[in-house]
Amino acid sequence: MLPTRYLAPDGLVDLPPDPLLEGRPVTGVPELVDWPSSERDGFVFSRQNTVVNALAYAAYAAMAQIALVAGDQAGARGDAAAAARIRSAMRARLYDPRRARSATGPASPTRRSSRASTRWPSAWPAPRRAKTAAAWIARRGMACSVYCAAYLLEALYDGGQPQAALSLLTAGAGDGWRHMIALGAGSTMEVWDPSLKGNLTYSHAWAASPAFIIPGYLFGVRALTPGWGTVLIRPQPASLTRGSVLVPTPRGEVSVAFTAGGGRLAARIDVPATATAEVALPGVHAGQRVWVDGVPETAGVLPAGDSAGSGTPASDSDAGLAVVPVGSGWHRVATAP
């Protein structure tokens, strides 16, 4: 079980005084918010801030799942309780329901919001409000560093803005990966452009988020249960008319290839022999017909996981998805015959 000594009575993580600062309070962890400092969008630092608490919530929730799978029931309950406590406090003190944005901290001037606080999906109080927050983020473009681009893209996909995410992934100039290629980088760069850091490296893993965003969000291949026994396949192609991916898992490769056009989408998928999958196609609602291997099936609802982390679904944004189950092997799943 993770320690809880930094949780304040109000449920938020309260950063302790830093001995390196002669006991003065820490006012956030700047590098966690974003880096370089010019990318922080005016974030107001305080001992209790949204970014640190969003990371803490996600860590406790993940550890609860790990403890449950490992057979540590007491640890799972403790970490799940801490996650629930942080999330409840974040909903009450760090979220502005009127503007559907997260404040940088409970004491920030006029409860200042920033992209740096709102782009963290775990900072959102409920999936139903994610769309409003994601729409606000989408309007402001890639307003962050290569490091936080991963969280921004996750926020866009989780909030129903796949076209905005795709546009940022494929942008040809400015803050984007194609700009790195144009500069001659053989790998992902430390920052978007040399103007941000003169002695940057041209091999920086923290900028490589498309390596997991594309398979995990654009194609939507993610583990629903520990060890990939059940796989979620949730493509969000936006304006792409075709695409394919091969995702390695401990049980074998998951293959997804889709074609889209005229309001229809068909996906050809291959599920490992010891796994099953839940397939969610864009625009499909519960009760709607989906064609699986040419046979009409009625889409059901993906259930929400429990607070201790049952492993289903993979994230809050997946709960309530309209899905059809498929077994191992090759299948064609389509929105029309």
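The values are calculated or read from the model by the stated rules, or taken from the named source; none is laboratory data. Given the structure is predicted, the values throughout are model-derived calculations rather than measurements. Every residue, glycine among them, receives a Cβ derived from its backbone with ideal geometry; neighbour counts consider all protein chains shown. Calculation scope for accessible area: heavy atoms of the full protein, side chains included, ligands and nucleic acids excluded. Shrake-Rupley method; radii C 1.70, N 1.55, O 1.52, S 1.80 Å.
Take the residues of the range 184-217 that are modelled with pLDDT under 95 and more than 14 Å from residue 146 (Cβ to Cβ): which is most open to solvent (accessible area, probe 1.4 Å)? Top of the filtered list is 199. Only one of 34, 18 is of a type outside the set (Val, Ile, Thr), open to solvent by less than 30 Å² (accessible area, probe 1.4 Å) and modelled with pLDDT under 85; which? Sole residue among the options that is of a type outside the set (Val, Ile, Thr), open to solvent by less than 30 Å² (accessible area, probe 1.4 Å) and modelled with pLDDT under 85: 34.
Would you please list the contacts, defined by Cβ atoms under 6 Å and residues six or more apart or on different chains, that run from a residue in the range 265-287 that is among the basic types (Lys, Arg) to a residue that is surrounded by fewer than 21 Cβ atoms within 10 Å (Cβ to Cβ) and not in a loop (DSSP other than H, G, I, E, B)? Qualifying pairs under 6 Å: 268/257; 268/332. Of all residues in the range 181-196, how many are assigned to a helix (DSSP H, G or I) and either more than 16 Å from residue 36 (Cβ to Cβ) or small (Gly, Ala, Ser) (or both)? Count: 3. Looking only at the range 158-183, residues that are more than 12 Å from residue 134 (Cβ to Cβ), open to solvent by less than 50 Å² (accessible area, probe 1.4 Å) and touching a Ser or Thr at 6+ places or on another chain (Cβ under 9 Å) come to 4 in all. Evaluating residue 225 against the criteria (1) modelled with pLDDT of 95 or more; (2) open to solvent by less than 40 Å² (accessible area, probe 1.4 Å); (3) hydroxyl-bearing (Ser, Thr, Tyr) leaves one unmet condition, (1). Return yes or no: is residue 245 of a type in the set (A, V, I, L, M, F, W, C), more than 16 Å from residue 326 (Cα to Cα) and under 21 Å from the mean Cα position of the chain (by Cα)? Against the criterion (of a type in the set (A, V, I, L, M, F, W, C), more than 16 Å from residue 326 (Cα to Cα) and under 21 Å from the mean Cα position of the chain (by Cα)), residue 245 qualifies. Checking the structure you have, find out if any residue of the range 64-77 is of a type outside the set (S, T, N, Q), under 25 Å from residue 36 (Cβ atoms) and either modelled with pLDDT of 60 or more or surrounded by fewer than 19 Cβ atoms within 10 Å (Cβ to Cβ) (or both). No: the range 64-77 contains no residue that is of a type outside the set (S, T, N, Q), under 25 Å from residue 36 (Cβ atoms) and either modelled with pLDDT of 60 or more or surrounded by fewer than 19 Cβ atoms within 10 Å (Cβ to Cβ) (or both). Is it true that residue 94 is touching a Pro at 6+ places or on another chain (Cβ under 8 Å), open to solvent by less than 60 Å² (accessible area, probe 1.4 Å) and either closer than 25 Å to residue 229 by Cα or modelled with pLDDT under 90 (or both)? Spelling it out, residue 94 is indeed touching a Pro at 6+ places or on another chain (Cβ under 8 Å), open to solvent by less than 60 Å² (accessible area, probe 1.4 Å) and either closer than 25 Å to residue 229 by Cα or modelled with pLDDT under 90 (or both).
Of all the numbered requirements in (1) open to solvent by 10 Å² or more (accessible area, probe 1.4 Å); (2) of a type in the set (Val, Ile, Thr); (3) within 28 Å of residue 239 (Cβ to Cβ); (4) modelled with pLDDT of 90 or more, residue 146 misses one, and that requirement is (1). Inspect the range 102-112 for any residue being modelled with pLDDT under 55 and among the charged types (D, E, K, R) and give the result as yes or no. Yes; the residues of the range 102-112 include at least one that is modelled with pLDDT under 55 and among the charged types (D, E, K, R).
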